[in-house]
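The values are calculated or read from the model by the stated rules, or taken from the named source; none is laboratory data. Since this is a predicted model, take the numbers as computed values, not measurements. Don't worry about glycine lacking a Cβ; one is built from the backbone with ideal geometry, like all the others, and counts go over all protein chains shown.
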Amino acid sequence: MKYYRTFSLLMVFIFAVVGFTFLFFTNGVLVFFDSIAAHIGMKQSPVQGINFYLILASGYMYLVSLLAYMMYKHPDNHYFPHLLANAKLASSVLSLCFFIAHEPFLIYITNCIVDGSIGLLVLYFYLKIKKGQS
């Protein structure tokens with residue numbers, strides 16, 4: 001638990017930056033990943049008509065930023081990491097499902113790995129807090 005608050009504060013800033021990136025550079029995120037996908041021989045994702053979903057993604061990043069901030073401010077409260085772990089793991093599993101069932105886009109598998117890693121780490125902290133409270 002030594003690094004819990006530091007990790008929580010770091011997530012606040014990272015999630016906020018990603019959320020603002022989604023909001024202010026709308027299609028830029030997909031264009032960036034499509035340029036990488038083209039270089040490594042993966043199929044590119046369609047960019048047109050995606051702005052509404054990036055608005056929703058920005059809202060999601062706001063929410064996970066808030067949860068990470070609440071983890072930082074209230075390190076003994078196990079509800080905040082529980083919610084954040086569920087959000088990140090759900091995002092990871094959905095991304096993997098889309099990668100397998102829809103199209104093998106780089107953005108899907110990247111999100112699966114990144115959010116899955118964050119989700120598992122936050123789940124670890126949740127379990128440590130929960131165990132300490134029993």
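Name the single residue that is surrounded by the most Cβ atoms within 10 Å (Cβ to Cβ) among those in region 115-134 being among the charged types (D, E, K, R) and more than 25 Å from ALA38 (Cα to Cα).
Our first condition is that a residue be among the charged types (D, E, K, R); within region 115-134, this holds for 115, 128, 130-131.
So of that shortlist, the ones also more than 25 Å from ALA38 (Cα to Cα) come out as 128, 130-131.
Working: LYS128: 14, LYS130: 12, LYS131: 9.
Ranking the qualifying residues of region 115-134, first place goes to LYS128.
From the list SER134, SER117, SER58, pick out the single residue that is touching a Gly at 6+ places or on another chain (Cβ under 8 Å) and of a type in the set (Ser, Thr, Tyr).
Result of the check over SER134, SER117, SER58: SER58.
Taking the criterion of being farther than 30 Å from ASP76 by Cα, loosely packed, with under 15 Cβ neighbours inside 10 Å and among the hydrophobic types (A, V, I, L, M, F, W, C), would at least one residue in region 10-25 satisfy it?
Checked against the condition, which is being farther than 30 Å from ASP76 by Cα, loosely packed, with under 15 Cβ neighbours inside 10 Å and among the hydrophobic types (A, V, I, L, M, F, W, C), region 10-25 yields at least one hit.
Could you tell me how many of the residues in region 18-30 are over 19 Å from PHE99 (Cβ atoms) and in a helix (DSSP H, G or I)? Walk me through how you get there before you give the answer.
Kept after step one, since they are over 19 Å from PHE99 (Cβ atoms), are these residues of region 18-30: 18-28.
With in a helix (DSSP H, G or I) added as a condition, the list becomes 18-24, 28.
So the answer is 8.
Do any residues in region 94-105 that are free of Cβ contacts under 8 Å to residues at least 12 places away in the same chain have Cβ atoms under 9 Å from those of residues that are part of a loop (DSSP other than H, G, I, E, B) and of a type in the set (Phe, Trp, Tyr), where the two are at least six apart or on different chains, and which pairs are they?
That search, which allows pairs on different chains as well, returns PHE98/PHE105.
Is at least one residue of region 57-70 in contact (Cβ under 8 Å) with a residue 60 or more places away in the chain, under 22 Å from ILE113 (Cβ atoms) and within 15 Å of the chain's Cα centre (by Cα)?
Residues of region 57-70 that are in contact (Cβ under 8 Å) with a residue 60 or more places away in the chain, as a first pass: 68-69.
From what is left, the residues that are under 22 Å from ILE113 (Cβ atoms) are 68.
Going one step further and asking which of them are within 15 Å of the chain's Cα centre (by Cα), we end up with 68.
Yes; the residues of region 57-70 include at least one that is in contact (Cβ under 8 Å) with a residue 60 or more places away in the chain, under 22 Å from ILE113 (Cβ atoms) and within 15 Å of the chain's Cα centre (by Cα).
Rundown of residues vs (1) surrounded by 16 or more Cβ atoms within 10 Å (Cβ to Cβ); (2) in contact with a strand residue (DSSP E or B) (Cβ under 7 Å, 6 or more places away or on another chain); (3) modelled with pLDDT under 95, yes/no style:
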residue	(1), (2), (3)
TYR53	no, no, yes
HIS74	no, no, no
LEU96	yes, no, no
ILE113	no, no, no
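Here's a check for you: in region 83-134, which residue that is of a type in the set (S, T, N, Q) and in a helix (DSSP H, G or I) is farthest from MET61 (Cα to Cα)?
The extreme case among them is GLN133.
Residues SER91, SER95: which one is touching a Phe, Trp or Tyr at 6+ places or on another chain (Cβ under 6 Å) and polar (S, T, N, Q)?
Unique residue meeting the criteria: SER95.
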